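Since the structure comes first, as structure tokens, the remarks are kept for the end.
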Amino acid sequence: MATANFLLHPVRLRILQTLLGAELTTAQLRERLPDVSPATMYRHVAALTQAGILEVVRERPVRGTVERSYRVRQGKALVDADARTTMTKDDHRQAFTVFTGALMADFDRYLSHDDAEPARDGVLYRQGAVWVTEEEYAALVEEFTAAVARRTHTTPGDGRTRHVLSLVLVPDKPRGADGSGRPDGD
């Protein structure tokens with residue numbers, strides 16, 4: 001498993017987000033991320049491949065060179081529980097800032113398309129709250145993971161449109177010992 005600093009580097013995160021559920025060449029990545037210089041793109045794709053997070057799924061000769069198609073190895077593109085426990089609060093804050101910044105940039109890129117119609121396209125952003133034990137919470141996370149995993153093996157075509165699912169789970173810890181949300185003594 002990779003570290004949060006490695007995965008949540010802004011350029012590497014955008015590359016991973018672009019490749020989720022897709023197989024693309026570096027040329028196709030550059031078309032989708034035109035603000036990333038070619039040298040930077042190649043450097044980060046190489047780093048992600050060397051780390052085992054991207055895998056080469058196809059190679060073909062093109063004008064004296066080899067063109068490679070890449071895809072994300074989903075199980076490797078995670079910051080595992082052990083790595084998360086070694087992160088400080090500031091590490092988590094920085095990682096979350098990069099993550100949410102990337103979400104905002106993705107949404108802005110989507111809205112910049114002339115044909116973007118959020119209601120028609122099924123854009124959702126919402127929150128819900130559940131009261132669960134630690135065991136129920138673990139089961140809920142497994143359910144989310146399994147639901148997404150069941151759909152990660154589908155391919156384009158047959159009317160399918162790629163949707164990127166982002167999930168943030170945050171406990172709402174009360175501030176006071178009495179569970180009121182107020183600091184003790186207020």
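The values are calculated or read from the model by the stated rules, or taken from the named source; none is laboratory data. In this text, all values refer to a predicted model and were calculated from it rather than measured experimentally. Methodologically, a virtual Cβ is constructed for each residue, glycine included, from the backbone with ideal geometry; neighbour enumeration extends over all protein chains shown. Just the protein is used for accessible areas: all its heavy atoms, side chains included, with ligands, DNA and RNA removed. Shrake-Rupley method; radii C 1.70, N 1.55, O 1.52, S 1.80 Å.
Among the residues of segment 28-79, write down those that are among the basic types (Lys, Arg), outside any strand (DSSP E or B), free of Cβ contacts under 8 Å to residues at least 60 places away in the same chain and more than 15 Å from His9 (Cα to Cα).
Those that are among the basic types (Lys, Arg), outside any strand (DSSP E or B), free of Cβ contacts under 8 Å to residues at least 60 places away in the same chain and more than 15 Å from His9 (Cα to Cα): Arg30, Arg32, Arg63, Arg73.
Across segment 158-186, what is the total count of residues that are at pLDDT below 80 and on the phi > 0 side of the Ramachandran plot?
Residues that pass the stated criteria total 3.
Please work out which one of (1) farther than 26 Å from Ala149 by Cβ; (2) exposed (fewer than 15 other Cβ atoms within 10 Å of the Cβ); (3) aliphatic (A, V, I, L, M) is the condition Met41 fails and give its number.
The number of the failed condition is (2).
Of all residues in segment 1-27 being at pLDDT below 90 and not in a helix (DSSP H, G or I), which is most open to solvent (accessible area, probe 1.4 Å)?
The residue in question is Met1.
Could you check, for segment 69-78, whether at least one of its residues is under 25 Å from Ala146 (Cβ atoms), open to solvent by less than 90 Å² (accessible area, probe 1.4 Å) and of a type in the set (Gly, Ala, Ser)?
yes
Check Val56, Val66 and return the single one that is at pLDDT 95 or above, open to solvent by 40 Å² or more (accessible area, probe 1.4 Å) and of a type outside the set (D, E, K, R).
Going through Val56, Val66 in turn, the sole match is Val56.
Test of understanding: among Glu142, Glu136, which residue is open to solvent by 100 Å² or more (accessible area, probe 1.4 Å) and assigned to a helix (DSSP H, G or I)?
Glu142
Quick one: count up the residues across segment 44-53 that are over 26 Å from Thr85 (Cβ atoms) and surrounded by fewer than 18 Cβ atoms within 10 Å (Cβ to Cβ).
Of segment 44-53, the ones over 26 Å from Thr85 (Cβ atoms) are 44-46, 49.
Subsequent filtering for residues that are surrounded by fewer than 18 Cβ atoms within 10 Å (Cβ to Cβ) retains 46, 49.
Final tally of qualifying residues: 2.
Please go through segment 85-132 and give me each residue that is closer than 13 Å to Leu8 by Cα and open to solvent by 60 Å² or more (accessible area, probe 1.4 Å), ordered by number.
Scanning segment 85-132 gives His92, Arg93, Gln94, Phe96, Thr97.
Based on this model, can you work out whether Ala83 counts as under 16 Å from the mean Cα position of the chain (by Cα), at pLDDT below 90, under 24 Å from Thr152 (Cβ atoms) and among the small types (Gly, Ala, Ser)?
No.
List every residue pair whose Cβ atoms lie under 6 Å apart, where the two residues are 6 or more positions apart in sequence or sit on different chains, the first residue falls within segment 124-146 and is at positive phi, and the second residue, located anywhere, is open to solvent by less than 100 Å² (accessible area, probe 1.4 Å) and part of a loop (DSSP other than H, G, I, E, B).
Taking only residues 6 or more apart or on different chains, not a single pair turns up.
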